[in-house]
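To start, the structure itself, in structure tokens.
The values are calculated or read from the model by the stated rules, or taken from the named source; none is laboratory data. Quick caveat: nothing in here was measured; it's all calculated off a predicted structure. Every residue, glycine as well, gets a Cβ built from its backbone with ideal geometry; the counts of neighbours run over all protein chains shown.
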Amino acid sequence: MNFLSNQHTHSRLCASVAFSLILASGCSESPAIAPSGPTSGTQGVVGTPAAGTRSGATAGTSAAAGTVGPSSTAGTTGAAGSRTNTSAGTTAAATSGSGATPSVAGSTAVAGSAEPPTAGDTGTAGTAGTAAGTTASAGTGAPVAGTGAEPGKLPHVEKVEGAGLEDAVRGTFGPAVKVKTTPPGGWLIYPQDIGRDGIKHPIFIFGPGGGTNPQYYDMNGEHWDHYTSYGFVVYVAPMSSFNSSASLDDGLTWVIAQNSEASSPLYQKLDTTKVGAAGHSQGSVMVFNFMPDERVTTTIHISGGSFDGGGPAKLKGPTMFLCGPMSDVAYAQCQSDFEVTKVPTFYTNILESSHTTSGRYGWGAIVAWLLWHLAGHEEWKKEFLEPDGQFQTGRYTSKLKNW
């Protein structure tokens, strides 16, 4: 069966008019996380597109000869200060018959790929060609070598963020593969070296803010890639909705089904018992409405409180509230939701962040939380729960309940 064709009021009524406006406008306060304009030659699809995908390659697309997968962005430059491990100006060679993870029609390899596949690696000739001319920017924050990896589990890491707000640290997995057209409508993002060393990858699903979509957060190909670099398989809903959690439900159901679909690159590579659900702003409300769901291990709520005050009562597992300071328009909702939670809860305000940047400045905390709850890396527990923990000090002003 073809992979892509497989289908498987506000009682507080927004603390302010500003909150409603930001939700409705897609949280466009900060240009830092707005997507860059499309690059000539991006996301070309070679071969017959699946139902619902866009036919034909974008002007300028250059696919490797004989490939059945898509080409990568030609000459795309990563964002300044991106966390890729490739030196500036590194060029990936086009390789026919490489052993790279099979691409899916409509997927786009990340600009700034690490090392190119070696000619002659195992693999069927003509599968998953690598784009020529992909260029990585000079990066900061080299990957931390994994330590103490357990069979089938994500590797342990020693560091998830640097000293500065923008100084995120990339994980040990390679470039991301992005499938921007899926049957449920959202994006699927996974590491190119998925399944390495027999690893079973946890799942991370995400609800975007009001009026936005997965592209809005992508930050020149770095936002979702940050999570996949630690080994998480990410599904991002196409758009958020106040009253419906169907897009998260449909997305998670579809992703889990790929673990049993022999034609899928995710086949037998997922840990379907470990699922994290997160949402930003209005997407946080989606997550509340999605709960309770027995498939979900933990939830993360980023600068978004429940609109009827009843969201926390739906939670069944440990949760994290990650919000901006008092200037965050969702600050009051974050606070009041925390006060009524009945599950183990970690709450933090990130200094110098805002409603639109709290998720990005909280990359480290989000990754560490997922490693703790989805990968069983207990070393991160103390960083959340101890008074001198990493996420209790410095830029984080935090408090706990029900532990």
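Scanning the range 144-171 for residues that are outside any loop (DSSP other than H, G, I, E, B), modelled with pLDDT under 85 and either crowded, with 19+ Cβ neighbours inside 10 Å or of a type outside the set (S, T, N, Q) (or both) turns up just one, Ala168.
Of all residues in the range 396-403, none satisfies being in contact with a His (Cβ under 8 Å, 6 or more places away or on another chain), surrounded by fewer than 17 Cβ atoms within 10 Å (Cβ to Cβ) and in the same structural domain as Thr172 (by TED's automatic domain parsing).
From the list Thr253, Thr212, Thr228, the lone residue that is over 18 Å from Val287 (Cα atoms) and of a type in the set (Val, Ile, Thr) is Thr228.
Per the listing Gly305, Gly283, Gly279, the residue uniquely in the same structural domain as Ile194 (by TED's automatic domain parsing) and more than 30 Å from Gln192 (Cβ to Cβ) is Gly305.
Go through the residues of the range 184-197 one by one and say whether even a single one is in a loop (DSSP other than H, G, I, E, B), among the basic types (Lys, Arg) and assigned by TED's automatic domain parsing to the domain that holds Gln390. No: zero hits. Taking residues in the range 332-356 that are under 21 Å from His373 (Cα atoms), and partners anywhere that are in a loop (DSSP other than H, G, I, E, B) and of a type in the set (Phe, Trp, Tyr), the pairs with Cβ atoms closer than 7 Å and at least 6 places apart or on different chains are Pro344/Trp403; Thr348/Phe391. Looking across Ser353, Ser336, Ser398, Ser327, one residue alone is of a type in the set (Ser, Thr, Tyr), assigned to a loop (DSSP other than H, G, I, E, B) and more than 22 Å from Tyr227 (Cα to Cα). It is Ser327.
Scanning the range 198-229 for residues that are part of a strand (DSSP E or B) and acidic (Asp, Glu) yields nothing.
Just one of (1) more than 27 Å from Val169 (Cα to Cα); (2) of a type in the set (S, T, N, Q); (3) in contact with a strand residue (DSSP E or B) (Cβ under 6 Å, 6 or more places away or on another chain) fails for Gln333. It is (3). In the range 313-324, the qualifying residues are those that are outside any strand (DSSP E or B) and touching a strand residue (DSSP E or B) at 6+ places or on another chain (Cβ under 8 Å), and the one that is nearest to Thr348 (Cα to Cα) is Gly324.
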